[in-house]
Each structure stands twice: as structure tokens, then as C-alpha cells.
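What follows is a set of notes on a single structure, which appears directly below.
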Amino acid sequence: MTDVSSEVREFASREYQYGFVTDLETDVAPRGLNEDVIRLISSKKNEPDWMLEWRLKAYRGWLTMEEPTWQKANYAPIDYQDIIYYAAPKPKVALTSLDEVDPEVLAMFDKLGISLAEQERLSGVAVDAIVDSVSVATTFKEKLADVGVIFCSFSEAVQCHPELVKRYLGTVVPRRDNFFAALNSAVFSDGSFCFIPKGVRCPMELSTYFRINAADTGQFERTLIIAEEGASVSYLEGCTAPMRDTNQLHAAVVELVALDDAQIKYSTVQNWYPGDAEGRGGIYNFVTKRGKCAGVNSKISWTQVETGSAITWKYPGVILQGDNSVGEFYSVALTANHQQADTGTKMIHIGKNTSSTIVSKAISAGHGQNTYRGLVKVLDSASGARNHTQCDSLLLGGDCGAHTFPYVEVKNPTAQVEHEASTSKIGEDQLFYCRQRGIPEEDAVSMIVNGFCREVFKELPMEFAVEAQKLLSVSLEGSVG
Amino acid sequence: MTTTATTASPRGLAGLEPALNGHQPGWLGGIRRAGLEWVAEHGFPTLGDEDWKYTRVGPILDVPFQPAVGGMKHRLSASAIDGLAGDLGGTRLVFANGYFAPELSTLMALPEGTTVTSLASVLAGDAERLEPFLARPLSSQHHAFTALNAALAEDGAFIQIPPDATIAAPIHLVFVSDAGASPLVSSPRSVVHAGARSQATIVETHVGSGGVYLTNAVTEVILEDGAQVQHYKVQDEADTAFHLAALHVRPGRDSSFSTHALALGAAIARHEVWVKLEAAGAEVTLNGLYLPDGNQHHDNPTLIEHVAPRCTSRQLYKGVLGGHGRGVFNGHIVVGPDALGTDASQTNKNLLLSDTAEVDTRPRLEILTDDVRCTHGAAVGQLDEEAVFYLRSRGVPHQQARGVLTYAFAGEMLQLIGVGPLRSRVESKVAERLNREDTDRETFR
């Protein structure tokens, strides 16, 4: 068998495939953060006064908060005054169709393999493409509008649907929820807004691609998805970012609201620049994602494939408030080189007969550190609550780490909560079996890892499942346990 | 011995100072000062400390405790101890309010070279013998209560077993508190040193006859290569008492250590187990059963550090929670980068019997190498309704059917107790406790 450490080294030295910089003219705010910068962001976006006020309140809250240090991640202190909080690509003219989109933007998407034109024609997926925080093109809008679905950039929603934004913004992740959420609330640049009216089943998978482009620009997206009574939607989010030397801070907030009988499925493939083999550069991905099953029989499902970023720090959670509501969390997290991931979920059971499922698969290679941190909380009102948690970790090589920190808090005697976890290295027997049958070691590892993650991949929408499997195989090139 | 009791400041525990009795070696004075300085500098744990997240120590700190002093009168007799702690047939050392009470103790013949005595007697006669154990406390992971124990401890058990010796009968350490009118804190510190390839069974029983008191105990067990020690702990303190205990274990190469902790009493109890596996091939088993009801709070933190290769650790903790009882399992396994071939498992199961009981469980794994097999699991649930139905269909009344199944859940832990007289004693204790819960629970379907 090939020498393990040399294989791991080879894996660790894998180049980031999507590192390129597209030269766009950007409209940049001065470095640093103060009330003037917030006013500038707000005025650039032509926001109403209540929105500015909301941002300022968040900023004042943020000033009183301290950066959390409990997560299992090591990084140099972030200088929040050395970040540019706003950068918008300059559209040359007002856009009415794809033809008018900056050709450089289109070329960049082509490089990433998601040509808008192609997507519109072939895949039937509506893409709200975001480059550096501002939507430059939105497709399939008319088709969605026919059934009453609102799918637009966040800024547009503030202009066109202020009553909806006002009603739901901050109801799931309050302004002062945590340090990074407060920062986001103060300076968020743009994001996606999605509203599915009563009884509507969204006719297509909604998708948005966030990309970080201008150097040293923190990205602060804000996503808000509302599914009214009986509505359902599947939302896809995917990311790749160009190679950078200095760390980029990314603090997004995603809020989901599901009313009676509504269903929201939120899928993510995250492949931001993870830094080089020595751990230099790479994205800091500090994200707050939370859904609220506000109505009875509602369902929120999170699926994530996290392969990028130098540091990932996110806990997509579900507040199970409505009776019989369902929360799900499926996650694959891969850390290689010096990547650190501290991720997991929070399931808060409040309503009766609520149930939640957690499946987390963590793969560590190189010097990667992978932590599952999850909370299952059953309040005394949640009679008949059910939870099943399964966290498995796979270790490739002797220098990586896998950690599991589950918290289970139960206050109701009729609740049933189960947590299972295991950690082991890749099965020598399985590898041997494959190789004995003529499968090269690398393919065998890839096969085994894909099998290890299958439970999660099958939850992804088809387009993403293919991408995710490809991503994992690419990430595992040259690695062996 | 001094009789001038130190006056406790209104700050309670934080104001305590060691009641030094004059004839102590200098190194010990240094340890005591260091303990107090540690408390002064770091303070007492709060809910903000990860390891104390679910245990509020405020109610303990609010009590104006006086330190127990040696030579205090007690109202106990040997037969009273039989009733409180049982007679296991072997050597029994009794400590009243943390101080050795020879008149209540029984010493049996032991293999040559074996020392089973009180810490205070060794300190008085041959203090240097204790220096390697006390001057370098096993745990660098102090918290305020272990630091306070280091500062205040004057007595406890000292057990030293020579290489290759086998002690068949269990050595029973009984810590009995008799607080009377004013709140007392006792700080026993016990040391068990098992020589190479020796074998012994140690049983610790903590009981009290009532009143408000705090037992702040530390037990250290050092196993030389190939030693085998079975440790049992029965915490059956008065319901008004507080019990904070730390068990620190350092197993030698290919040694084997097991501990079984049963928590029955106390208003707030915390039994902490810390094992550092620094020698290859050692095996440790940590078992626990906690049965809080009323307003009791039972916290069970464990930390197993796998440093050396090829060690095995097993943990099984079970809880049955009734009334307003609250149970906490706070397990933590750390597998270091050199601990190749580690096999670790951790299981926690809980049964909630009442609407107002609460359980918080947190089985944590931290793994820094790949050649390991680690699993953990936690479950919270209730009795299997089908099993209840099965019994009822055969004419067993509902209450009784539930009682049988609850006892069966807890009984798994009791089966693991290898000392016959202890097992039967504990079985009846647990049965009595669960019956009490049953009658308390009439409104609960």
C-alpha cells in the first residue's frame, strides 16, 4: 500500500481550482466602520428611514458586544476597522435582459460553469446571481411572478415590498442575536428575498450564487425566505470564491419563516477559498442561519456540504414552535490542509409532537480540525418531541482532528432523544477489498467517502448532488487513510 | 489539636482559612497557601464555565459554613454506622466530619506491607511519605473546590498496597457527617496507591445524619503497572447536604481501573472523575447511576484523557429522574495525537419520570489522531409502553408495571457491582428510592 503520509501530503498540496479574479469596476466605501459608513451604505441603496434606523440600532448593539471565543478555531484577531464594508459592481446600464449584463460577469460565471444563459435555457433553475453583494441579473422572474412568488434581491425587496421585509426581518435572528449577526444587521449589503404566498408550491428550484470578488471586501449577505400557509419552496445556495492572500470575513445571516403547513428546504454547497497548504489566506465564514417553524405541521430542512473556507463557523438551526413541526439538518463537512470547521445545528423543540433529525458527516484530512457542535433542547411544553442525531467522523491521516460536542437538554418526560456518534479512520478492510478488485486506491477512497456521505447527498436537490459528489472527489484527490 | 475554629466571613466558603495545627511540614503549608491563592485569584465557577454550565453553586456559596475541625464530638456509634453505611465484612475506616474516628473503625489483617490508615496519622508521624502524593496533585485542572480541598484537607484515608499483594475483602471508607446546628464543611482527601500487579477493592460511602453541610472530597488513585483496582462510591448524603467530590486516577502500564458511582442523596451533588491515561495498555471503566428526585441536582462530569497508545476506556452512566430532580452528564474524552489504537466509548441513558424533571447530557469527543475507535451515545426517553402493556395484560397493575420496568432500567448498573454485600445493600436502597418516586408520582399517568 502507498505510504500514507506521502499520500496525505499530496492531498494537502492540492490547488484550489476556482481561484481567479475578474476585473470589475467596483464602487467602494472607505475602510472601517462607523455610523457614517452605515448611512452611506443605506443611502447608496436608497433605503427608507426605518431600514437605516434598524441598521443603526444593530450597530449600537454590536458596539456593546464582544467577539465570541468559545468556538474551536484559531485565527488572528480581526481588525473590524480595516474592512471595506461596501463594494458594488458598477452596472454599465440599467438591466432589462441578460444581453445587457457586464460581459466580464458573464465570462466569470462561464468559468465557474454556471452560465446564466445555459441555465435559463436548459436547467429550469432560476438564478439570482450575486457578485459582490449586488444582484446583477435575475432570471425567470416573470415565470415566478405568475404564481405570485416574489424572488428578488434584498435591496429590491426593501424598495418594493417594505411591508413584508418590515414584518419578518429580524424575527428569527434578532439584531443582537450574536456578535456576527449584529454586525451583519448593521452593514448587510444585499442578499436574496423570497416570499411564497399561501398555498403556492414554488414551480422551480430557486438558486443564488454568492461570490466574493473585490479584494478585502467583507461580505454581509442577508437572506430572508418566507413560506406562507401551505406553501413550499426549495432554495439552493452555492459558493466559490477567487484566491486571496488576506483573510476575508464573511458574516451572513439567513432567516427562514414557515407558517402553517409550509415547507422550506434550504441547500448549500460552500466551496470558498480555504487558504493555501500552509493555512494562509482563506475565507472566514461566520454565519448565522436559523429557521422558524412558526406554524403547525410546518417543516424546515437544512442540507449543507461544506468543503471550503479557512474557518467555518455556522449552526443552521430550527425553532420548532408550531405543533407537529419538523426540523432536519443534513451536513457534510470536509476539512483539509489547515482548515477549521466548527459546525452543527440547534433544534429547539417548543411545540407538541415536534420532531427533528440530525445527520452530520465530518471528514478530516491533513491538519484539518472538524468539530460538530449541536444543541437539542426540549422545553417542558414540547410533549411527544422526538429527536434522532447521528454524527460520524472519518479521519484521514494522523495530524487531523475530529471533535463532537453535543448538548442535549430535556425538560419533558414524554420526549425521546437519541444521540449517536462514532469516529474512526477509513476502513482498511474496505480499501483492501476495493484494491483487490483492481480499483485504484484513490478511486477507492473517493468511493468510500462518497458512501460515507450518501445519507446527506441524497437529501440534496439533483443539481447539487452531482456538484457535491464531484467536489468531494476533487477534494480527495491524492488522499488516503 | 487546635480548638479555635476559624470564623467564617459572611462570604461563606470564600472566607475560609485552613485551621493549621502547628506541626505541619513546610511543603504542606505551601500547598495550602497555593490553594487559597488559586481561589482568591480565580473565584468560584459560574454557569459561564463550560464544565459547570448546568450546576449553579450559588446556593452552596450562600451558606455561612464553618470548617470542621479534628476532635469534634460526634454522636455516632459503630452500630449507627452499620445502619447508615452497611458492613461489608472487611476493613472499615470511618471518618466523622472528615476526621478519622478510630473508635468506629474496624481493621482486619492485611497482607504484609499494606498501609490502611488515616492521612492525619501519616502527616503527624511520617509526613515525607505523603509528599509525592500531596505535593504534586494529580490534576493540573484545578477548580475552586479542589483548590479549597488542597487548602483545607487535614485528614482522609491513606491506602498503600505493596507490589503483587491481593486484598480480597473490600476496604470500606465511610465518610459520615453530623453537622448539628451550624453548617459545616469537611474536606477529606484520600490517597490510594496500588503497587505493581496488586489487586484491591475500595468502597467509598458518604452518608450524613442531617443538617446543612458540605462534603468537599478529593480522592486520588495511583495504579502502578499491572495493578487492578475496583472502586465503588455510594453517595447517600442527607437531602439538605451538598456533596462535591473529585476522583483523580492515574493508571500505570497495562493496569485496570473501574469505578461505579451511585448518587442517591444531597441537594446538590457533583461527582467528578478525571482519568489521565499516560501509560500504554491501561483499561478504565467508569459507571454511574444517578437518581435525583425532589429538588435534587446530580452532576456527573467525567474527563478521560488518552495520552498513551492502546488504552481502552468505557463509560456507562444512567439516570432516573423524578420530582423536580435535575441530572447532568458531562462526559469528555480527549484523544491526544500520540494515543494510537485508542478504543473509547461513552454512553449515557436517561429516564424521565416527571413533568418537572430535567436532564442535560453532553457527551463530548475530542480526537486528534486517526487510529482510533471512539463512539458515544446519549438517549433520553421514557418506559417502553409495549412493555408496560405486556405486564398489564398479565394482570400487573399499572403502577407496579412501571415500577418493575424502572427498576430494571436502573438494575443494569447494579448488576455490575462485584461486591456481594454492597450490591444487595444498594439494590434495596435503589428499590426504596424508586418506590418513593412511584408514590410521589400518582398524578403522573
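From the list A:Thr354, A:Thr423, A:Thr404, pick out the single residue that is within 21 Å of B:Tyr54 (Cβ to Cβ) and buried (at least 24 other Cβ atoms within 10 Å of the Cβ).
Just a single option satisfies the conditions, and that option is A:Thr404.
For residues in the range B:35-51 being surrounded by 15 or more Cβ atoms within 10 Å (Cβ to Cβ) and more than 14 Å from chain A (Cβ to nearest Cβ), which is nearest to B:Gly327 (Cα to Cα)?
Top of the filtered list is B:Pro45.
Just checking, which of B:Leu152, B:Leu148, B:Leu173 is in contact with a Lys or Arg (Cβ under 9 Å, 6 or more places away or on another chain) and within 29 Å of B:Glu50 (Cβ to Cβ)?
Just a single option satisfies the conditions, and that option is B:Leu152.
I want to confirm something. Restricting to the range B:370-394 and keeping residues that are more than 7 Å from chain A (Cβ to nearest Cβ) and among the hydrophobic types (A, V, I, L, M, F, W, C), which single residue is nearest to A:His367 (Cα to Cα)?
Out of the qualifying residues, it is B:Leu383.
Could you figure out which of (1) in the same structural domain as B:Glu204 (by TED's automatic domain parsing); (2) out of contact with any Phe, Trp or Tyr (no Cβ under 9 Å at 6 or more places or on another chain); (3) touching a residue at least 60 places away in the same chain (Cβ under 8 Å) isn't true of B:Pro292?
Only one criterion is unmet by B:Pro292, namely (1).
Residues that are surrounded by fewer than 24 Cβ atoms within 10 Å (Cβ to Cβ): find the strands (runs of 3 or more DSSP E) completely inside the range B:176-222 holding 1 or more of those.
Passing ranges, in order: B:189-194, B:199-208.
Out of A:Thr345, A:Thr389, A:Thr307, A:Thr354, I need the residue that is in contact with an Asp or Glu (Cβ under 8 Å, 6 or more places away or on another chain) and either more than 14 Å from chain B (Cβ to nearest Cβ) or of a type in the set (Asp, Glu) (or both). Which one?
When all the criteria are applied, what remains is A:Thr354.
Using the structure shown, decide if A:Phe464 is at pLDDT 85 or above and either within 14 Å of chain B (Cβ to nearest Cβ) or buried (at least 19 other Cβ atoms within 10 Å of the Cβ) (or both).
Taking the combined requirement at face value, the residue does not satisfy it.
Show the residue pairs that are 6+ apart or on different chains and have beta-carbon atoms under 9 Å apart, the first residue being within the range B:335-354 and at the interface with chain A (Cβ under 9 Å from one of its Cβ atoms) and under 30 Å from B:Arg402 (Cα atoms), the second being buried (at least 19 other Cβ atoms within 10 Å of the Cβ) and acidic (Asp, Glu).
B:Leu352/B:Glu358; B:Leu353/B:Asp293; B:Leu353/B:Glu437; B:Ser354/B:Asp293; B:Ser354/B:Glu437
To keep it simple, each residue is scored yes or no on (1) of a type in the set (Ser, Thr, Tyr); (2) crowded, with 19+ Cβ neighbours inside 10 Å; (3) in a helix (DSSP H, G or I); (4) at positive phi.
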| site | (1), (2), (3), (4) |
| --- | --- |
| A:Asp392 | no, yes, no, no |
| A:Glu409 | no, yes, no, no |
| A:Asp429 | no, no, yes, no |
| A:Met447 | no, no, yes, no |
| A:Leu460 | no, yes, no, no |
| A:Ala468 | no, yes, yes, no |
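Output the number of the condition that A:Glu420 fails; it satisfies all remaining conditions of (1) in a strand (DSSP E or B); (2) more than 7 Å from chain B (Cβ to nearest Cβ); (3) more than 24 Å from the chain's Cα centre (by Cα).
(2)
Being in a loop (DSSP other than H, G, I, E, B), under 23 Å from A:Asp177 (Cα atoms) and in contact with a strand residue (DSSP E or B) (Cβ under 7 Å, 6 or more places away or on another chain) is true for just one of A:Gly374, A:Gly322, A:Gly327. Which residue is that?
Residue meeting the stated conditions: A:Gly322.
Would you be able to say whether some residue in the range B:303-323 is buried (at least 24 other Cβ atoms within 10 Å of the Cβ), at the interface with chain A (Cβ under 9 Å from one of its Cβ atoms), part of a strand (DSSP E or B) and not acidic (Asp, Glu)?
yes
Here is a check on your reading of the model: is A:Ser381 more than 9 Å from every other protein chain (Cβ to nearest Cβ), in contact with a His (Cβ under 9 Å, 6 or more places away or on another chain) and either in a strand (DSSP E or B) or among the hydroxyl-bearing types (Ser, Thr, Tyr) (or both)?
Taking the combined requirement at face value, the residue satisfies it.
Could you say which residue among A:Thr404, A:Thr414 is in contact with a Leu (Cβ under 9 Å, 6 or more places away or on another chain), at the interface with chain B (Cβ under 7 Å from one of its Cβ atoms), under 22 Å from B:Cys374 (Cα atoms) and hydroxyl-bearing (Ser, Thr, Tyr)?
Of the residues listed, the single one that is in contact with a Leu (Cβ under 9 Å, 6 or more places away or on another chain), at the interface with chain B (Cβ under 7 Å from one of its Cβ atoms), under 22 Å from B:Cys374 (Cα atoms) and hydroxyl-bearing (Ser, Thr, Tyr) is A:Thr404.
Given B:Gly70, B:Gly113, B:Gly48, which one is assigned to a loop (DSSP other than H, G, I, E, B), closer than 18 Å to B:Leu148 by Cβ and over 22 Å from the mean Cα position of the chain (by Cα)?
Matching residue, one of B:Gly70, B:Gly113, B:Gly48: B:Gly70.
Within the range B:324-343, how many residues are of a type outside the set (A, V, I, L, M) and part of a loop (DSSP other than H, G, I, E, B)?
Total meeting the criteria: 6.
Just to be sure, is B:Val116 touching a Leu at 6+ places or on another chain (Cβ under 9 Å), in the same structural domain as B:Arg250 (by TED's automatic domain parsing) and in contact (Cβ under 8 Å) with a residue 60 or more places away in the chain?
No: the conditions fail for B:Val116.
The values are calculated or read from the model by the stated rules, or taken from the named source; none is laboratory data. Bear in mind that the values here come from a model prediction, so they are computed numbers and not experimental data. Reconstructed Cβ throughout: ideal geometry from the backbone, glycine too, with neighbour counts over all protein chains shown.
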